[in-house]
1. Counting only residues that are of a type in the set (Gly, Ala, Ser), more than 16 Å from ASN146 (Cα to Cα) and outside any helix (DSSP H, G or I), how many does the range 174-199 have?
2. Looking at (1) under 24 Å from ALA73 (Cα atoms); (2) part of a helix (DSSP H, G or I), find the lone condition where ARG303 falls short.
3. For the range 193-244, which positions are farther than 19 Å from ILE265 by Cβ and of a type in the set (Lys, Arg)?
4. Just to be sure I understand, how many residues within the range 57-78 are exposed (fewer than 13 other Cβ atoms within 10 Å of the Cβ) and at pLDDT below 80?
5. Which pairs have Cβ atoms under 8 Å, sit 6 or more apart or on different chains, and link a residue in the range 197-217 that is exposed (fewer than 12 other Cβ atoms within 10 Å of the Cβ) to one that is modelled with pLDDT of 95 or more and not in a loop (DSSP other than H, G, I, E, B)?
6. Which one is surrounded by the most Cβ atoms within 10 Å (Cβ to Cβ), of the residues in the range 285-333 that are closer than 30 Å to ALA219 by Cα and free of Cβ contacts under 8 Å to residues at least 60 places away in the same chain?
7. With the requirement that a residue be surrounded by 14 or more Cβ atoms within 10 Å (Cβ to Cβ), farther than 17 Å from ILE293 by Cβ and touching a Leu at 6+ places or on another chain (Cβ under 9 Å), what does the range 80-97 give you?
8. Just for the range 3-35: of the residues that are of a type outside the set (A, V, I, L, M) and not in a helix (DSSP H, G or I), which one is surrounded by the most Cβ atoms within 10 Å (Cβ to Cβ)?
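The values are calculated or read from the model by the stated rules, or taken from the named source; none is laboratory data. What you are looking at is a predicted structure, and each value in this text was computed from that prediction instead of being measured. A quick note on method: Cβ atoms are made from the backbone with ideal geometry, for glycine too, and the neighbour counts reach across all protein chains shown.
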Amino acid sequence: MAVTIQDIATAAKVSQSTVSRALANSPRVKLETRKLIQQLAREMGYTPSAIARGLATKRTHTLGVVVWDIADAFVAELVRAIDRAALESGYSLVLSHCGDDPQRQLSAVNILRQQRVDGIIVPDSSAADFFLPLVTEGDVPVILINHRAYRYSVGTDNESAARMAVDYLAHLGHQRIAYIGGMRYRVESEERKAGYRQALAAGGLPLDVSLSVDGEGGAEGGQKGMKQLLTLPQPPTAVFCFNDLTAIGAIGAIQASGRRVPDDISVMGFDDITLNPYLHPSLTSVAQQKEQIAHMALAMVLRLLEHESVPVGQFLAGNLMPRDSTAPCARPV
């Protein structure tokens with residue numbers, strides 16, 4: 001005979017509603033009680049009925065995830081972390097990959113509405129600007145990653161993380177530190193640029209506007225931006241890049257010019273994608289705490305579904321990951 005919620009409730013000495021909430025990982029149930037009930041469910045061989053659960057809760061236990069470009073390494077890794085967090089809470093994902101085509105963007109919204117997702121997470125900040133007005137018309141909770149201006153957002157404190165990155169380069173003796181931005185990710189890029197400027201000011205280093213160039217957030221943009229910096233009469237001795245893909249492109253341009261990384265120019269990335277330790281040279285980066293961000297986003301969705309209050313914006317510190325692409329400045333400035 002199949003194990004029921006009533007069987008688990010009897011074993012745990014709680015109500016059926018408490019069991020239902022615990023199996024859905026609701027924050028309304030104490031963490032210890034949740035763990036006990038979930039352990040009992042596993043031990044007793046409980047298998048939930050998706051249809052019955054949906055009828056009882058009026059939920060589909062699916063979450064929509066919208067990305068602009070799934071080929072972006074950081075976005076792909078973050079989606080994977082969200083998927084793991086969702087599975088732990090009994091949710092599955094509906095992934096919508098929309099790009100910058102308006103018709104595909106509208107189609108992405110319609111697909112999620114047809115699937116009747118319980119909530120939406122947007123891990124790609126470049127998708128948020130166009131997507132948010134389309135989905136906030138309904139009552140589905142929408143969580144944005146790294147979009148501080150939006151109430152329901154989680155992610156990394158970009159300004160403080162950028163300050164930490166540039167401080168590290170300054171402590172290595174670099175005074176001409178450049179920034180290659182990622183304008184496709186407008187909000188994040190401006191925040192990291194602000195942190196870059198704050199670190200220069202705090203370190204008593206001059207702000208040279210020629211050392212700040214635009215990229216689009218990919219390797220090609222990093223390559224173009226670095227080539228522009230190399231044409232300066234006095235090129236930088238270190239470069240802080242919007243993200244790791246930008247840094248990879250910058251390293252390619254430096255090496256193609258006959259210069260060496262980090263001997264001639266140090267390069268710092270941002271995100272800390274899993275590829276970084278295996279590059280040559282291995283890439284110094286600021287790590288975003290992907291697993292924690294994914295769990296924070298999911299917890300926010302669940303609290304909103306339960307009509308509970310949630311903190312306004314939750315942003316974590318970045319972690320500096322020093323590797324071989326940065327070294328003390330060897331060139332006099």
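1. Quick first cut of the range 174-199, residues of a type in the set (Gly, Ala, Ser) only: 178, 181-182, 189, 194-195, 199.
With more than 16 Å from ASN146 (Cα to Cα) added as a condition, the list becomes 178, 199.
From what's left, outside any helix (DSSP H, G or I): 178.
Count: 1.
2. Going through the list (1) under 24 Å from ALA73 (Cα atoms); (2) part of a helix (DSSP H, G or I), ARG303 breaks only (1).
3. Hits for the range 193-244 are LYS193, ARG197.
4. Restricting attention to the range 57-78, the residues satisfying the condition of being exposed (fewer than 13 other Cβ atoms within 10 Å of the Cβ) are 58, 71.
Now narrow it down to the ones that are at pLDDT below 80: 58.
Residues that pass the stated criteria total 1.
5. PRO206/LEU200; LEU207/ARG197; LEU207/LEU200; LEU207/ALA201
6. So the residue we want is SER285.
7. The answer is GLY90, VAL94, SER96.
8. Within the range 3-35, the first condition is being of a type outside the set (A, V, I, L, M), and the residues that meet it are 4, 6-7, 10, 13, 15-18, 20-21, 25-28, 30, 32-35.
Filter once more, keeping what is not in a helix (DSSP H, G or I): 4, 13, 15, 25-28, 30.
Working: THR4: 14, LYS13: 8, SER15: 12, ASN25: 19, SER26: 17, PRO27: 15, ARG28: 14, LYS30: 11.
Here the residue is ASN25.
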